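Below is one structure, written out as structure tokens, with a few remarks after it.
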Amino acid sequence: MMLQKHIKLIFVVLFILAPIIVSATNLRGRIEGFNQYYKSTYPLAGVTVDLYFQGPGGWQQIGRYITGSDGMYYFQNLYQGYYSLQINGRQNYPITVLNVPYQDLPPIMITY
Amino acid sequence: MDKQIIAVVFSFALYVFYVLLPMIPSIVIYKLFPDTKVSATGFMANLNFKTTGAFAAYVVTVFLGFFLVKNTHQLIAQISNPVWTLKTKVELLNLDGTQFQNNKFLETLVVTIDPKLQRVNGDSVILSLPGSKKNWETTQLRFEIPRFGYKLMDIGEISENSDIDAYELIIKAKEAIQIRADEQLLRKYSGGSGEVLTPDNSNGPKLIN
């Protein structure tokens, strides 16, 4: 009887603490293009950003975002760990997602 | 022949078959079992009907054929609303008119269409969607207000709670798509401090292109 009470208490505590212990991260970054013709940098629209996570069966695509006019991309509810961003299916960028509510990655520069 | 003309011909042929084909079983019934009393009563399209004899067999066959014809009509409607594919090359020219060779430059090309594929009128949005129904689950729409919030949905998800007119090819969502303010979008982007991410293709997912 006492044991059951303790188990219930543990479950209640874990339920309350769960969002604190395992918090999801909202990730964002920007794709910038360096235009060699005009020697200027500006946000790149229409870039396909694929997010991959290395699972037991290898790399698995878990998200896709196509940048808007501000060049920004967003991925929500990610867990802490190692991921890879693939830009237009041509270039991989390894990243580390931290255990913070919001994370801004440094921009990705594409020279053309 | 134009696809729209084909669709009209198919539509007409379908109607003729729909009216004439059910006559076959009713004639067969009339010939083989002239004395059998067949009757059908029911309620169809707000009309009560009561029929007997070979005509009853005809009515039943027409009624059963309705569902088959409905699906076929949807397929014909899709023929009359084809999606065109435009294939063209794009060239870049320098200020002096000479050709500027840089294919990476072209990757940043943005093509817009007028009238736009999307029309916004107050809180109503009308979108022209490419492709057929089989692509609904993989066609993703992003409703975004820059620096406020966004909502990602695939067409299949939207269609679950919509009135679908398969003949006119219209999906009319019953509920509004809600774009919630996102705290992250309201915060200033802190990633632009001179540092940039470094590419590394040696260890990562397989490249697509």
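The values are calculated or read from the model by the stated rules, or taken from the named source; none is laboratory data. Note that the structure is a prediction, hence the values are computed from the model and not measured. Please note: Cβ atoms are built from the backbone with ideal geometry, for glycine as well, and neighbour counts cover all protein chains shown.
For the range B:133-172, give me the residue count where each residue is over 11 Å from the mean Cα position of the chain (by Cα), of a type in the set (Ser, Thr, Tyr) and farther than 28 Å from B:Gln184 by Cα.
Adding up the residues that qualify gives 1.
Tell me, which residue of the range B:177-209 that is of a type in the set (A, V, I, L, M) and in a loop (DSSP other than H, G, I, E, B) is surrounded by the fewest Cβ atoms within 10 Å (Cβ to Cβ)?
B:Ala181
Can you name the residue in the range B:111-151 that is in contact with a helix residue (DSSP H, G or I) (Cβ under 7 Å, 6 or more places away or on another chain) and assigned to a loop (DSSP other than H, G, I, E, B) and, of all such residues, is farthest from the other protein chains (Cβ to nearest Cβ)?
B:Ser132
Given the conditions (1) at pLDDT 80 or above; (2) within 30 Å of A:Gln36 (Cβ to Cβ), and given that B:Leu21 satisfies all but one, which numbered condition is not satisfied?
For B:Leu21, the exception is condition (2).
Please find, among A:Ile95, A:Ile87, the residue that is in contact (Cβ under 8 Å) with a residue 12 or more places away in the chain, surrounded by 13 or more Cβ atoms within 10 Å (Cβ to Cβ), over 23 Å from B:Lys188 (Cβ atoms) and not acidic (Asp, Glu).
Being in contact (Cβ under 8 Å) with a residue 12 or more places away in the chain, surrounded by 13 or more Cβ atoms within 10 Å (Cβ to Cβ), over 23 Å from B:Lys188 (Cβ atoms) and not acidic (Asp, Glu) holds for just one of A:Ile95, A:Ile87, which is A:Ile87.
Quick one: B:Ile126 ticks every box in (1) in contact (Cβ under 8 Å) with a residue 60 or more places away in the chain; (2) in contact with a Lys or Arg (Cβ under 6 Å, 6 or more places away or on another chain) bar one, so which box is it?
With (1) in contact (Cβ under 8 Å) with a residue 60 or more places away in the chain; (2) in contact with a Lys or Arg (Cβ under 6 Å, 6 or more places away or on another chain) applied to B:Ile126, the lone miss is (1).
Does A:Phe11 satisfy the criteria of being out of contact with any Gly (no Cβ under 8 Å at 6 or more places or on another chain) and modelled with pLDDT under 80?
yes
Select from the range B:140-161 the residues that are polar (S, T, N, Q) and surrounded by 15 or more Cβ atoms within 10 Å (Cβ to Cβ) and list them in ascending order.
Scanning the range B:140-161 gives a single hit, B:Ser159.
Of the conditions (1) part of a strand (DSSP E or B); (2) facing chain B (nearest Cβ under 8 Å); (3) surrounded by fewer than 17 Cβ atoms within 10 Å (Cβ to Cβ), A:Tyr52 clears all except one; give me its number.
With (1) part of a strand (DSSP E or B); (2) facing chain B (nearest Cβ under 8 Å); (3) surrounded by fewer than 17 Cβ atoms within 10 Å (Cβ to Cβ) applied to A:Tyr52, the lone miss is (3).
Take the residues of the range B:163-209 that are more than 14 Å from chain A (Cβ to nearest Cβ) and of a type in the set (A, V, I, L, M): which is nearest to B:Thr72 (Cα to Cα)?
B:Ala166
Which residue out of B:Thr112, B:Thr85 is within 23 Å of A:Ile31 (Cβ to Cβ), hydroxyl-bearing (Ser, Thr, Tyr) and free of Cβ contacts under 8 Å to residues at least 24 places away in the same chain?
B:Thr112
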